[in-house]
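Remarks on the structure that follows.
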Amino acid sequence: QVQLVESGGGLVQPGGSMRLSCAASGMISSINTMGWYRQGPGKQRELVARITSAGSTFYADFVKGRFTISRDNAKGTVYLQMNNLKPEDTAVYYCYCDTARRYWGQGTQVTVSS
C-alpha cells in the first residue's frame, strides 16, 4: 500500500510560478513511475508529466519548456515546478505512482488568474 499527499496548490497570476509536491508513504521502495495528471473545468483528466525511478522524464506538449518534474526516491516525493503559468493551466492536479497498481493523490487546485 502507498498513500500520496499533495501540497502546493493555490492562486497565482498569469506568468507566475508554483511548485507542487507529492509525498508518498508506505511501500515507497516499490514505486516505479511517479507523475502528475490534471483535470480542468469541463475537461477530461490529462497527463502532464511523469518520471521513472531512473530519472527519465516525459512531458505533455502543452507544458514543455514551462514545467519541470523531479523526484527524490529516498523520500518517495515527486515535484512539479510550474513556470510561466497560463490561465489554461487552471485545473486540479493529481499526482500518481505506479507499483504493481496505480495510486492517486487527493488532488490540489491550481488557479491561474489575475
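The values are calculated or read from the model by the stated rules, or taken from the named source; none is laboratory data. Since we're looking at a predicted model, the values are computed, not measured. Ideal geometry is used to build each Cβ from the backbone, glycine not excepted, and the neighbour counts take in all protein chains shown. SASA here: full protein model, heavy atoms, side chains in, ligands and nucleic acids out. Shrake-Rupley method; radii C 1.70, N 1.55, O 1.52, S 1.80 Å.
A few comments on the model shown:
- Subset of segment 39-60 (residues that are outside any loop (DSSP other than H, G, I, E, B) and either closer than 14 Å to Gly107 by Cα or aliphatic (A, V, I, L, M) (or both)): Gln39, Glu46, Leu47, Val48, Ala49, Ile51
- Residue, nearest to Gly40 (Cα to Cα), within segment 95-108, restricted to residues that are of a type outside the set (Val, Ile, Thr) and open to solvent by less than 40 Å² (accessible area, probe 1.4 Å): Gly107
- Number of residues in segment 7-38 that are at pLDDT below 95, crowded, with 18+ Cβ neighbours inside 10 Å and part of a strand (DSSP E or B): the value is 0.
- Failed criterion for Ile51 (all others in (1) open to solvent by 70 Å² or more (accessible area, probe 1.4 Å); (2) closer than 21 Å to Arg102 by Cβ hold): (1)
- Residue satisfying all of: in segment 59-80; within 16 Å of Tyr93 (Cβ to Cβ) and of a type in the set (A, V, I, L, M, F, W, C); surrounded by the fewest Cβ atoms within 10 Å (Cβ to Cβ) among these: Phe62
- Pairs are defined by a Cβ separation below 6 Å, a sequence spacing of at least 6 or placement on different chains, a first member in segment 60-83 that is free of Cβ contacts under 8 Å to residues at least 60 places away in the same chain, and a second member that is open to solvent by less than 60 Å² (accessible area, probe 1.4 Å) and of a type in the set (D, E, K, R); the pairs so defined are Val78/Arg71.
- Residue list for segment 65-104, filter: at pLDDT 95 or above, part of a loop (DSSP other than H, G, I, E, B) and charged (D, E, K, R): Arg66, Lys86, Arg101
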